[in-house]
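S.K.: I have a structure I would like to understand better, so I am pasting it below and will then ask my questions one at a time.
The values are calculated or read from the model by the stated rules, or taken from the named source; none is laboratory data. These numbers were taken from a predicted model, which means no experiment stands behind them. Here the Cβ is made from the backbone with ideal geometry for all residues, glycine too, and neighbour counts use every protein chain on show. For accessibility, only protein heavy atoms count, side chains too; no ligands or nucleic acids. Shrake-Rupley method; radii C 1.70, N 1.55, O 1.52, S 1.80 Å.
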Amino acid sequence: MAYLELKNVNKYYAGVAAVHDFNLDIEKGSLVSFLGPSGCGKTTTLRMIAGFEQLDSGTIRLDGTDIVPVPPNRRDIGMVFQSYALFPNMTVRENVAFGLQMKKTPKAKINQQVDTVLEMVRLQDTAKRFPHQLSGGQQQRIALARALAVEPRVLLLDEPLSALDAEVRVVLRGEIRRIQSELAITTIYVTHDQEEALSISDKVVVMNKGLIEQVGAPEEIYRAPNTRFVATFIGTANQFLGKISGKNLVVCNNVELSTSSLAGFNSDQSVVVLVRPENIQVQAEQSRQKGWNSVAGKVETITFHGAITRLGVNVNGQRVVADITVANTQPVSLNQSLWLQFPPEACQVMAVEE
Amino acid sequence: MAKSQSTQTHGSSKKVRPAGWQIFMVAFFLFYMLVPIISTYAFSVATRWDRTILPEGYTLEFYQRAFSASYFTITLRNSLILSLSTVLVSMLVIIPTVYWVHTRLVGAKPLLDVLMILPFGIPMVVLALALVQVYNFPPMARSPFLLIGAVVIYSMPFMYRPISNAIQAVDANVLTEAGQSLGANIFQVLYRIIIPNILPGILSGSLLVFSTVFAEYTLTSLIVGARFKTFPLLLVEFTRINGNVASAFSVISFTIAWLVSILILWVGSMGHTSKAKTI
């Protein structure tokens, strides 16, 4: 039995489903991300776990007991907010000690615990300051320390890094992951930033329009997306619409693509072939590798991203995106004709509802 | 326009000389505000002041008469009781209401805003007479309790506005949720988190209510009259007997209002200074 279980959870706002038939098991000590565009229901789900929103139906069980009837202050679930939500009238130390005071922990124990968590977030020397005297990143560390001080059964993080600078975000997400693994605390992390979700999670839950699209390990989500939404929301994917024309063959826009196994599809079925830009090789001449797909196109855009350069190539009127790395590339110029090549394994085929 | 231009040409580091009309406006404002107060002070110590520009002589006799007036202490006490209980009741009603509306019943806020203008729209004579007729049974009939109830209504906007603005400035919803997730119940959230953060609003509301109620005449006179004589009643009584003594009463009333204001501000700033020391 999983540590935290959500079963058939539904939530409606004015008749519209914000979260629909949500089922999820979360193992003790793991870090699970809820990832999706804004309005997908990820924050609503988190707030239902915290107790700030009521379920319309379904159950949430924590360590075997139903927590739906339990008020938020007795759930023993810590929360970190996007806006930090530190108490402005209290010093850092008082903020961190607050939860322990509510639990009527003895004073000596409180002091010791506050020191421990402040050390964990590396901000011992700010204890006597007030929140407004700290930077955003420091405030969020304190908020994290405050939530951890009471040793909650589950830690919820609601877009904790969204209000911070890009640089601070990257550092802090590493810190969050480090502390989470050190304490082995069951954590749910809500974000709309795919890079954030992929880099720190044990498991990613991709959500869209109140529904779970896919649950899986970060690599799984990226390499084998279940739905078109996941494929395009996580990373970039070229989409070729076409019809199945033979054994492992799909005709898209008058070009025949050979793909990996098409078991489970009917002949003549409409499908979409998804190819990630990094799996496409760019060649000046057609020196076709055996079995690979090869299409001709003309370079329309060149965007430099540092480690890679992204090309926008016009293939029979369709824009195809391909990434080239600095190491293996001969210079490419605008309007240059070239060949895009990719192996059948790089093609993922999905059915299209007609 | 003129101001922004001069700021631009002189730059922000140099002090901008105020224009003539600005000096005039400030002088006019001070004149308008200060002349009545200064005149009242002067009249309270003047021997005779009807044939000359300045008083002909000065005396403290009227203060002596004021302090030795038979009802002096008791009216002062009644006024303090009335003002302080009004402040207290008003806080107890307004703080939880404003908090509740801001966190759980956001839709009701416009309604509350309109309700809080109503006391300004109802003539006090009408309010007083209506209350006296409705609450004509003991223990309410013409009692200080009824009076407190009435002045709470009448002074409510003064308490509501500053507190509402203060709570708007802190994100009460998120602070509440943060408190709850740390195990605090709703009373602990209010007492430990919300109230300390809106304290400046509560203080300025209390200040406005205290000084308004301390000088309240109409409701007191119509609802309780001589049964619970307050300081303004005594003052008005003396305007019919001796203007100089009435002026002395006014000065005493100002002074008390100022002292209480300073006291409230001092109490309010204590929290801040003690914080500053711990840094």
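S.K.: Tally time: how many residues in the range B:176-192 are at the interface with chain A (Cβ under 8 Å from one of its Cβ atoms), surrounded by 22 or more Cβ atoms within 10 Å (Cβ to Cβ) and assigned to a helix (DSSP H, G or I)?
M.R.: Qualifying residue count, the range B:176-192: 5.
S.K.: Which pairs turn up if I take residues in the range A:298-323 that are more than 15 Å from A:Gln341 (Cα to Cα) and look for partners that are of a type in the set (Lys, Arg) with beta carbon separation below 9 Å, at least 6 apart in sequence or on another chain?
M.R.: A:Glu300/A:Arg319; A:Thr301/A:Arg310; A:Thr301/A:Arg319; A:Ile302/A:Arg310; A:Thr303/A:Arg310; A:Phe304/A:Arg310
S.K.: Taking A:Asn335 as meeting all but one of (1) touching a residue at least 12 places away in the same chain (Cβ under 8 Å); (2) farther than 27 Å from A:Asn226 by Cβ; (3) open to solvent by less than 80 Å² (accessible area, probe 1.4 Å); (4) not hydrophobic (A, V, I, L, M, F, W, C), write down the number of the exception.
M.R.: (3)
S.K.: For the range A:164-179, name all the residues that are touching a residue at least 40 places away in the same chain (Cβ under 8 Å) and either within 12 Å of chain B (Cβ to nearest Cβ) or among the β-branched types (Val, Ile, Thr) (or both).
M.R.: A:Ile179
S.K.: Just wondering, is there one or more residues in the range A:180-197 that are within 19 Å of A:Pro88 (Cα to Cα), open to solvent by less than 20 Å² (accessible area, probe 1.4 Å) and in contact with a helix residue (DSSP H, G or I) (Cβ under 8 Å, 6 or more places away or on another chain)?
M.R.: Checked against the condition, which is being within 19 Å of A:Pro88 (Cα to Cα), open to solvent by less than 20 Å² (accessible area, probe 1.4 Å) and in contact with a helix residue (DSSP H, G or I) (Cβ under 8 Å, 6 or more places away or on another chain), the range A:180-197 yields no hits at all.
S.K.: Looking only at the range A:259-280, count how many residues are modelled with pLDDT under 90 and open to solvent by 30 Å² or more (accessible area, probe 1.4 Å).
M.R.: Qualifying residue count for the region: 9.
S.K.: Oh, and also: Listed residues A:Val150, A:Val114; which is in contact with a Gly (Cβ under 6 Å, 6 or more places away or on another chain) and either within 14 Å of chain B (Cβ to nearest Cβ) or in contact (Cβ under 8 Å) with a residue 40 or more places away in the chain (or both)?
M.R.: Selected residue: A:Val150, the only one of A:Val150, A:Val114 that is in contact with a Gly (Cβ under 6 Å, 6 or more places away or on another chain) and either within 14 Å of chain B (Cβ to nearest Cβ) or in contact (Cβ under 8 Å) with a residue 40 or more places away in the chain (or both).
S.K.: I would also like to ask the following. Name the one entry in A:Leu156, A:Leu134 that is touching a helix residue (DSSP H, G or I) at 6+ places or on another chain (Cβ under 7 Å), assigned by TED's automatic domain parsing to the domain that holds A:Ser38, within 21 Å of A:Gly29 (Cα to Cα) and among the hydrophobic types (A, V, I, L, M, F, W, C).
M.R.: After ruling out the rest, the residue left standing is A:Leu156.
S.K.: State the number of residues belonging to the range B:23-49 that are assigned to a helix (DSSP H, G or I) and open to solvent by 50 Å² or more (accessible area, probe 1.4 Å).
M.R.: 17
S.K.: Moving on to the next point. Could you grab me the full set of residues in the range B:244-255 that are touching a residue at least 12 places away in the same chain (Cβ under 8 Å) and either assigned to a loop (DSSP other than H, G, I, E, B) or open to solvent by 30 Å² or more (accessible area, probe 1.4 Å) (or both)?
M.R.: Passing the criteria: only B:Phe254.
S.K.: When the residues of the range B:50-66 are narrowed to those that are assigned to a loop (DSSP other than H, G, I, E, B) and open to solvent by 80 Å² or more (accessible area, probe 1.4 Å), which ends up nearest to B:Ala246 (Cα to Cα)?
M.R.: Selected residue: B:Leu60.
S.K.: To continue, here is another question. For the range A:1-48, list the strands (runs of 3 or more DSSP E) that sit wholly inside it and hold at least 3 residues that are in contact with an Asp or Glu (Cβ under 7 Å, 6 or more places away or on another chain); which are they?
M.R.: The qualifying strands (runs of 3 or more DSSP E) are A:4-13.
S.K.: Filtering the range A:55-76 down to residues that are of a type in the set (D, E, K, R) and more than 14 Å from chain B (Cβ to nearest Cβ), which residue is surrounded by the fewest Cβ atoms within 10 Å (Cβ to Cβ)?
M.R.: Among residues in the range A:55-76 that are of a type in the set (D, E, K, R) and more than 14 Å from chain B (Cβ to nearest Cβ), the one surrounded by the fewest Cβ atoms within 10 Å (Cβ to Cβ) is A:Asp66.
S.K.: Given the criteria farther than 26 Å from B:Val170 by Cβ and assigned to a loop (DSSP other than H, G, I, E, B), does B:Ala130 qualify?
M.R.: Considered against the rule, which asks whether it is farther than 26 Å from B:Val170 by Cβ and assigned to a loop (DSSP other than H, G, I, E, B), B:Ala130 comes out as no.
S.K.: If you check A:Val313 against the conditions, is it out of contact with any Asp or Glu (no Cβ under 9 Å at 6 or more places or on another chain) and crowded, with 16+ Cβ neighbours inside 10 Å?
M.R.: No.
S.K.: If only one of A:Ala143, A:Ala97 is touching a strand residue (DSSP E or B) at 6+ places or on another chain (Cβ under 7 Å) and either among the hydroxyl-bearing types (Ser, Thr, Tyr) or within 11 Å of chain B (Cβ to nearest Cβ) (or both), which one is it?
M.R.: Among A:Ala143, A:Ala97, only A:Ala143 is touching a strand residue (DSSP E or B) at 6+ places or on another chain (Cβ under 7 Å) and either among the hydroxyl-bearing types (Ser, Thr, Tyr) or within 11 Å of chain B (Cβ to nearest Cβ) (or both).
S.K.: Shifting gears a bit: Can you pull out the residues in the range A:310-331 that are of a type in the set (A, V, I, L, M, F, W, C), within 11 Å of A:Glu300 (Cα to Cα) and out of contact with any helix residue (DSSP H, G or I) (no Cβ under 9 Å at 6 or more places or on another chain)?
M.R.: A:Val313, A:Val315
S.K.: Follow-up question, since we're still on this one. Pairs needed: first member in the range A:77-88, more than 7 Å from every other protein chain (Cβ to nearest Cβ); second member anywhere, open to solvent by less than 10 Å² (accessible area, probe 1.4 Å) and part of a loop (DSSP other than H, G, I, E, B); C-beta distance under 8 Å; at least 6 residues apart or different chains.
M.R.: Within 8 Å, the pairs are A:Val80/A:Pro160; A:Gln82/A:Pro160.
S.K.: Taking the range A:129-140 as the region of interest, how many residues are of a type in the set (D, E, K, R) and away from chain B (no Cβ under 14 Å)?
M.R.: Total meeting the criteria: 0.
S.K.: Same structure again: If B:Leu233 meets every condition in (1) touching a residue at least 60 places away in the same chain (Cβ under 8 Å); (2) within 14 Å of another protein chain (Cβ to nearest Cβ); (3) more than 27 Å from A:Ile77 (Cβ to Cβ) apart from one, which number is that one?
M.R.: Tallying (1) touching a residue at least 60 places away in the same chain (Cβ under 8 Å); (2) within 14 Å of another protein chain (Cβ to nearest Cβ); (3) more than 27 Å from A:Ile77 (Cβ to Cβ), B:Leu233 fails exactly one: (2).
S.K.: Please find, among A:Thr105, A:Thr126, the residue that is β-branched (Val, Ile, Thr), farther than 23 Å from A:Leu157 by Cβ and more than 10 Å from chain B (Cβ to nearest Cβ).
M.R.: Going through A:Thr105, A:Thr126 in turn, just one is β-branched (Val, Ile, Thr), farther than 23 Å from A:Leu157 by Cβ and more than 10 Å from chain B (Cβ to nearest Cβ): A:Thr105.
S.K.: Sticking with this one: Name the single residue, out of those in the range B:193-233 being not in a helix (DSSP H, G or I) and not hydrophobic (A, V, I, L, M, F, W, C), that is surrounded by the most Cβ atoms within 10 Å (Cβ to Cβ).
M.R.: Checked the range B:193-233; the qualifying residue surrounded by the most Cβ atoms within 10 Å (Cβ to Cβ) is B:Thr230.
S.K.: For the range B:141-175, which positions are within 26 Å of the chain's Cα centre (by Cα) and open to solvent by 50 Å² or more (accessible area, probe 1.4 Å)?
M.R.: B:Arg142, B:Phe145, B:Ile153, B:Phe158, B:Arg161, B:Asn165, B:Gln168, B:Ala169
S.K.: Same structure, new question: Test A:Glu219 against the stated conditions and say whether it is away from every other protein chain (no Cβ under 13 Å) and either assigned to a helix (DSSP H, G or I) or in contact with a Lys or Arg (Cβ under 8 Å, 6 or more places away or on another chain) (or both).
M.R.: yes
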